[in-house]
Amino acid sequence: MLTRHALRDHLLVTHLAGVVATPRERNLSRYRLFAARDPRVLIGLEPESDWHFPELLQLMTQRCGVSADPKHTSGQDVIDPDRTLVALDAFADRLATAAASGAPVLLGTGHPHPLLGFYAALAAALSAAGCDVLTPAQGRSVDITTRFGVRTYNLHYAQGVAMVREPGARAPGSEPGAHTHSPLPVRTALDAAAGSGGPLPALVIGDHGWVCGAGQLGIEAIGLADSDDPALFVGEAEGRVSVAVPLDDTVRSDYYRPLTRYVLNRACLSQ
(Lines give C-alpha, C1' and ligand atoms only; values in the text may rest on other atoms or scores of the structure.)
Protein backbone atom coordinates (compact mmCIF):
# COMPACT_ATOMS: atom_id res chain seq x y z
CA MET A 1 0.00 0.00 0.00
CA LEU A 2 1.34 3.44 -0.95
CA THR A 3 1.19 5.73 2.07
CA ARG A 4 -0.02 9.28 1.86
CA HIS A 5 3.43 10.53 2.87
CA ALA A 6 5.11 8.45 0.15
CA LEU A 7 2.67 9.73 -2.45
CA ARG A 8 3.34 13.31 -1.39
CA ASP A 9 7.06 12.72 -1.87
CA HIS A 10 6.35 11.20 -5.29
CA LEU A 11 4.32 14.26 -6.34
CA LEU A 12 7.23 16.52 -5.48
CA VAL A 13 10.00 14.38 -6.99
CA THR A 14 8.19 13.95 -10.31
CA HIS A 15 6.95 17.58 -10.38
CA LEU A 16 3.34 16.45 -10.59
CA ALA A 17 2.98 19.02 -7.81
CA GLY A 18 5.32 21.42 -6.10
CA VAL A 19 7.32 23.35 -8.69
CA VAL A 20 5.72 22.32 -11.98
CA ALA A 21 6.66 22.79 -15.61
CA THR A 22 3.74 25.09 -16.37
CA PRO A 23 5.15 28.63 -16.77
CA ARG A 24 3.70 31.40 -14.64
CA GLU A 25 3.22 33.45 -17.81
CA ARG A 26 0.96 30.76 -19.27
CA ASN A 27 -1.12 30.52 -16.11
CA LEU A 28 -1.72 34.28 -15.92
CA SER A 29 -2.46 34.49 -19.64
CA ARG A 30 -5.08 31.76 -19.44
CA TYR A 31 -6.68 33.29 -16.35
CA ARG A 32 -7.08 36.55 -18.25
CA LEU A 33 -8.52 34.71 -21.26
CA PHE A 34 -10.99 32.95 -18.99
CA ALA A 35 -12.00 36.25 -17.43
CA ALA A 36 -12.66 37.50 -20.98
CA ARG A 37 -14.77 34.34 -21.60
CA ASP A 38 -12.58 33.09 -24.41
CA PRO A 39 -14.17 29.76 -25.47
CA ARG A 40 -10.74 28.20 -25.93
CA VAL A 41 -10.26 28.45 -22.18
CA LEU A 42 -13.87 27.96 -21.06
CA ILE A 43 -13.70 24.43 -22.65
CA GLY A 44 -17.44 23.89 -22.45
CA LEU A 45 -18.19 25.70 -19.19
CA GLU A 46 -20.54 28.67 -19.11
CA PRO A 47 -19.66 30.46 -15.87
CA GLU A 48 -22.58 31.70 -13.81
CA SER A 49 -20.56 34.53 -12.29
CA ASP A 50 -18.34 37.19 -13.77
CA TRP A 51 -14.87 35.93 -12.92
CA HIS A 52 -12.51 38.88 -13.14
CA PHE A 53 -8.79 38.27 -13.08
CA PRO A 54 -8.21 39.08 -9.35
CA GLU A 55 -11.02 36.75 -8.24
CA LEU A 56 -9.82 34.03 -10.57
CA LEU A 57 -6.24 34.27 -9.32
CA GLN A 58 -7.55 34.05 -5.76
CA LEU A 59 -9.58 30.95 -6.63
CA MET A 60 -6.61 29.25 -8.29
CA THR A 61 -4.49 30.03 -5.23
CA GLN A 62 -7.11 28.44 -3.00
CA ARG A 63 -7.72 25.37 -5.18
CA CYS A 64 -4.25 24.76 -6.64
CA GLY A 65 -1.81 26.66 -4.49
CA VAL A 66 -0.41 28.84 -7.28
CA SER A 67 1.25 32.08 -6.22
CA ALA A 68 -1.25 34.68 -5.07
CA ASP A 69 1.07 37.54 -5.99
CA PRO A 70 -0.07 39.22 -9.24
CA LYS A 71 3.41 40.75 -9.48
CA HIS A 72 4.88 37.27 -9.85
CA THR A 73 4.69 37.23 -13.64
CA SER A 74 7.49 34.95 -14.83
CA GLY A 75 9.27 31.71 -14.08
CA GLN A 76 7.68 28.49 -12.87
CA ASP A 77 4.49 28.29 -10.86
CA VAL A 78 3.60 25.83 -8.11
CA ILE A 79 0.85 23.38 -7.20
CA ASP A 80 0.39 22.58 -3.52
CA PRO A 81 0.84 18.79 -3.09
CA ASP A 82 -1.41 18.79 -0.02
CA ARG A 83 -4.25 20.22 -2.10
CA THR A 84 -3.58 17.49 -4.67
CA LEU A 85 -3.83 14.81 -1.99
CA VAL A 86 -7.08 16.19 -0.57
CA ALA A 87 -8.59 16.25 -4.06
CA LEU A 88 -7.34 12.74 -4.84
CA ASP A 89 -9.10 11.49 -1.72
CA ALA A 90 -12.36 13.12 -2.84
CA PHE A 91 -11.84 11.71 -6.35
CA ALA A 92 -11.36 8.20 -4.95
CA ASP A 93 -14.40 8.52 -2.68
CA ARG A 94 -16.55 9.42 -5.67
CA LEU A 95 -15.25 6.36 -7.55
CA ALA A 96 -16.15 4.20 -4.56
CA THR A 97 -19.69 5.60 -4.54
CA ALA A 98 -20.10 4.89 -8.26
CA ALA A 99 -18.75 1.37 -7.85
CA ALA A 100 -21.01 0.62 -4.89
CA SER A 101 -24.11 1.52 -6.92
CA GLY A 102 -22.92 -0.03 -10.20
CA ALA A 103 -23.43 3.32 -11.90
CA PRO A 104 -22.80 3.67 -15.65
CA VAL A 105 -19.64 5.69 -16.25
CA LEU A 106 -17.95 7.40 -19.18
CA LEU A 107 -14.22 8.06 -19.25
CA GLY A 108 -12.48 10.38 -21.70
CA THR A 109 -9.25 12.29 -22.04
CA GLY A 110 -7.80 15.15 -24.01
CA HIS A 111 -4.33 14.04 -22.91
CA PRO A 112 -4.22 10.42 -24.13
CA HIS A 113 -0.45 10.09 -24.33
CA PRO A 114 0.32 10.71 -20.65
CA LEU A 115 -3.05 9.85 -19.07
CA LEU A 116 -4.53 6.89 -20.98
CA GLY A 117 -3.00 4.38 -18.55
CA PHE A 118 -4.42 6.21 -15.53
CA TYR A 119 -7.96 6.25 -16.88
CA ALA A 120 -7.75 2.74 -18.35
CA ALA A 121 -6.94 1.33 -14.92
CA LEU A 122 -9.98 3.12 -13.48
CA ALA A 123 -12.17 1.80 -16.29
CA ALA A 124 -11.01 -1.77 -15.67
CA ALA A 125 -11.57 -1.51 -11.92
CA LEU A 126 -15.02 0.05 -12.27
CA SER A 127 -16.04 -2.57 -14.84
CA ALA A 128 -14.89 -5.35 -12.51
CA ALA A 129 -16.99 -3.77 -9.75
CA GLY A 130 -20.11 -3.99 -11.93
CA CYS A 131 -20.24 -0.55 -13.52
CA ASP A 132 -21.19 -0.27 -17.17
CA VAL A 133 -18.27 1.49 -18.86
CA LEU A 134 -19.97 3.25 -21.75
CA THR A 135 -18.50 3.63 -25.25
CA PRO A 136 -21.08 5.64 -27.25
CA ALA A 137 -20.38 7.17 -30.68
CA GLN A 138 -17.40 4.93 -31.45
CA GLY A 139 -15.91 6.10 -34.76
CA ARG A 140 -18.14 9.19 -34.96
CA SER A 141 -16.49 12.19 -36.61
CA VAL A 142 -16.01 15.40 -34.63
CA ASP A 143 -15.02 18.73 -36.19
CA ILE A 144 -12.80 20.62 -33.74
CA THR A 145 -11.40 24.13 -34.13
CA THR A 146 -7.63 24.13 -33.60
CA ARG A 147 -4.93 26.75 -34.03
CA PHE A 148 -4.50 25.30 -37.54
CA GLY A 149 -8.19 25.69 -38.40
CA VAL A 150 -11.08 23.25 -38.21
CA ARG A 151 -9.94 19.64 -38.29
CA THR A 152 -11.96 16.45 -38.38
CA TYR A 153 -11.20 13.77 -35.81
CA ASN A 154 -12.79 10.42 -35.02
CA LEU A 155 -14.01 9.47 -31.57
CA HIS A 156 -12.19 6.33 -30.47
CA TYR A 157 -12.16 4.14 -27.37
CA ALA A 158 -9.07 2.36 -26.09
CA GLN A 159 -9.40 0.18 -22.99
CA GLY A 160 -12.71 1.84 -22.22
CA VAL A 161 -11.35 5.40 -22.47
CA ALA A 162 -12.55 7.87 -25.09
CA MET A 163 -10.26 10.16 -27.06
CA VAL A 164 -10.09 11.65 -30.53
CA ARG A 165 -7.79 10.51 -33.33
CA GLU A 166 -6.99 11.90 -36.72
CA PRO A 167 -8.57 9.78 -39.49
CA GLY A 168 -6.33 7.26 -41.19
CA ALA A 169 -3.94 4.55 -40.13
CA ARG A 170 -1.77 5.06 -37.08
CA ALA A 171 1.95 4.88 -37.49
CA PRO A 172 3.68 2.37 -35.19
CA GLY A 173 4.75 4.06 -31.97
CA SER A 174 2.57 7.12 -32.51
CA GLU A 175 0.50 8.67 -29.75
CA PRO A 176 -2.79 6.88 -29.02
CA GLY A 177 -4.80 10.01 -29.76
CA ALA A 178 -4.80 13.77 -30.17
CA HIS A 179 -4.47 16.44 -27.51
CA THR A 180 -7.60 18.56 -27.25
CA HIS A 181 -9.38 20.80 -24.76
CA SER A 182 -12.64 20.76 -26.75
CA PRO A 183 -15.97 19.81 -25.14
CA LEU A 184 -17.29 18.58 -28.52
CA PRO A 185 -16.15 14.95 -28.04
CA VAL A 186 -18.12 14.51 -24.81
CA ARG A 187 -21.13 16.27 -26.31
CA THR A 188 -20.95 13.89 -29.27
CA ALA A 189 -20.72 10.87 -26.99
CA LEU A 190 -23.60 11.99 -24.78
CA ASP A 191 -25.77 12.84 -27.75
CA ALA A 192 -25.17 9.37 -29.19
CA ALA A 193 -25.96 7.72 -25.86
CA ALA A 194 -29.22 9.64 -25.55
CA GLY A 195 -30.16 9.00 -29.18
CA SER A 196 -29.61 5.25 -28.93
CA GLY A 197 -31.88 4.90 -25.94
CA GLY A 198 -29.02 3.45 -23.95
CA PRO A 199 -27.99 4.58 -20.49
CA LEU A 200 -26.48 7.97 -19.88
CA PRO A 201 -23.48 8.08 -17.59
CA ALA A 202 -24.10 8.85 -13.95
CA LEU A 203 -20.48 9.94 -13.75
CA VAL A 204 -17.98 11.27 -16.30
CA ILE A 205 -14.28 10.90 -15.46
CA GLY A 206 -11.60 12.72 -17.41
CA ASP A 207 -10.03 16.10 -18.01
CA HIS A 208 -10.40 19.28 -20.07
CA GLY A 209 -13.61 19.46 -22.10
CA TRP A 210 -14.72 15.98 -21.01
CA VAL A 211 -15.26 17.25 -17.48
CA CYS A 212 -16.47 20.78 -18.21
CA GLY A 213 -18.68 19.71 -21.12
CA ALA A 214 -20.39 17.02 -19.05
CA GLY A 215 -20.71 19.19 -15.97
CA GLN A 216 -22.28 21.99 -17.97
CA LEU A 217 -24.94 19.52 -19.15
CA GLY A 218 -25.76 18.53 -15.58
CA ILE A 219 -23.89 15.22 -15.47
CA GLU A 220 -21.64 14.66 -12.50
CA ALA A 221 -18.00 14.95 -13.53
CA ILE A 222 -14.64 14.52 -11.83
CA GLY A 223 -11.17 14.89 -13.25
CA LEU A 224 -7.59 16.06 -13.33
CA ALA A 225 -6.63 19.66 -14.05
CA ASP A 226 -3.40 21.57 -14.49
CA SER A 227 -2.86 25.02 -13.03
CA ASP A 228 -3.48 26.57 -16.47
CA ASP A 229 -6.96 25.01 -16.74
CA PRO A 230 -9.09 27.33 -14.58
CA ALA A 231 -12.39 26.13 -16.06
CA LEU A 232 -12.45 22.92 -14.02
CA PHE A 233 -11.83 24.78 -10.77
CA VAL A 234 -14.46 27.41 -11.57
CA GLY A 235 -16.84 24.57 -12.39
CA GLU A 236 -16.03 23.02 -9.03
CA ALA A 237 -16.56 26.33 -7.24
CA GLU A 238 -19.90 26.82 -8.98
CA GLY A 239 -21.08 23.27 -8.34
CA ARG A 240 -20.95 21.77 -11.83
CA VAL A 241 -17.74 19.80 -11.36
CA SER A 242 -17.67 17.50 -8.34
CA VAL A 243 -13.89 17.13 -8.02
CA ALA A 244 -10.98 18.82 -9.80
CA VAL A 245 -7.58 17.37 -8.87
CA PRO A 246 -4.74 19.89 -9.30
CA LEU A 247 -1.60 18.41 -10.84
CA ASP A 248 0.64 18.64 -13.88
CA ASP A 249 -1.16 16.70 -16.61
CA THR A 250 1.75 16.35 -19.05
CA VAL A 251 4.50 14.47 -17.24
CA ARG A 252 5.64 10.93 -18.13
CA SER A 253 2.82 8.40 -18.16
CA ASP A 254 4.52 6.10 -15.64
CA TYR A 255 4.61 8.91 -13.09
CA TYR A 256 0.83 8.59 -12.71
CA ARG A 257 0.95 4.90 -11.70
CA PRO A 258 1.40 5.57 -7.97
CA LEU A 259 -1.62 7.88 -8.13
CA THR A 260 -3.59 5.07 -9.76
CA ARG A 261 -2.66 2.63 -7.01
CA TYR A 262 -3.46 5.17 -4.29
CA VAL A 263 -6.86 6.08 -5.74
CA LEU A 264 -7.93 2.48 -6.40
CA ASN A 265 -6.80 1.37 -2.93
CA ARG A 266 -8.70 4.18 -1.21
CA ALA A 267 -11.79 3.41 -3.31
CA CYS A 268 -11.46 -0.32 -2.40
CA LEU A 269 -11.15 -1.11 -6.11
CA SER A 270 -7.64 -2.60 -6.16
CA GLN A 271 -7.50 -5.69 -8.34
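The values are calculated or read from the model by the stated rules, or taken from the named source; none is laboratory data. Just so we're clear, the structure is a prediction, and the values are computed from it rather than from any experiment. Glycine also receives a Cβ, built like all others from the backbone with ideal geometry; neighbour counts cover every protein chain displayed. We work out accessible area using only protein heavy atoms, side chains counted, and drop any ligands, DNA or RNA first. Shrake-Rupley method; radii C 1.70, N 1.55, O 1.52, S 1.80 Å.
The table below lists the values:
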{"read-out": "Estimated dipole of segment 15-165 in Debye, rounded to 20 [Cβ of Lys and Arg +1, of Asp and Glu -1, Cα centre]", "value": "560"}
{"read-out": "Burial ranking of peptide ranges 100-113, 252-265 (average Cβ count within 10 Å, highest at the top)", "value": "100-113, 252-265"}
{"read-out": "Linear extension gain, D38 paired with A158, 0.36 nm per residue minus alpha-carbon span", "value": "40.1 nm"}
{"read-out": "Potential extension, L200-F53 segment - 0.36 nm per residue separation minus Cα distance", "value": "49.3 nm"}
{"read-out": "Segment 1-149, accessible surface, carbon-and-sulfur percent (1.4 angstrom probe)", "value": "54"}
{"read-out": "For the chain, accessible area per residue (1.4 Å probe, heavy atoms of protein chains only), Å²", "value": "42"}
{"read-out": "For peptides 214-222, 6-14, sequence by mean Cβ density within 10 Å, most packed first", "value": "214-222, 6-14"}
{"read-out": "For peptides 230-237, 205-212, 193-200, sequence by mean Cβ density within 10 Å, most packed first", "value": "205-212, 230-237, 193-200"}
{"read-out": "Rough spin-label spacing in nm, given labels placed 7 Å along Cα→Cβ, for V78 and T61", "value": "1.3"}
{"read-out": "Distance (nanometres) between label positions extended 7 Å along Cα→Cβ at H5 and R151", "value": "4.7"}
{"read-out": "Estimated 222 nm signal from helices in the chain, with DSSP H stretches of n ≥ 4 weighted -39500 (n - 2.57), rounded to 500", "value": "-13000 deg cm²/dmol"}
{"read-out": "Percent carbon-and-sulfur accessible area, segment 204-248, ignoring ligands, DNA and RNA, probe 1.4 Å", "value": "43"}
{"read-out": "The chain: relative contact order as a whole-number percent, Cα under 8 Å and 6+ apart", "value": "26"}
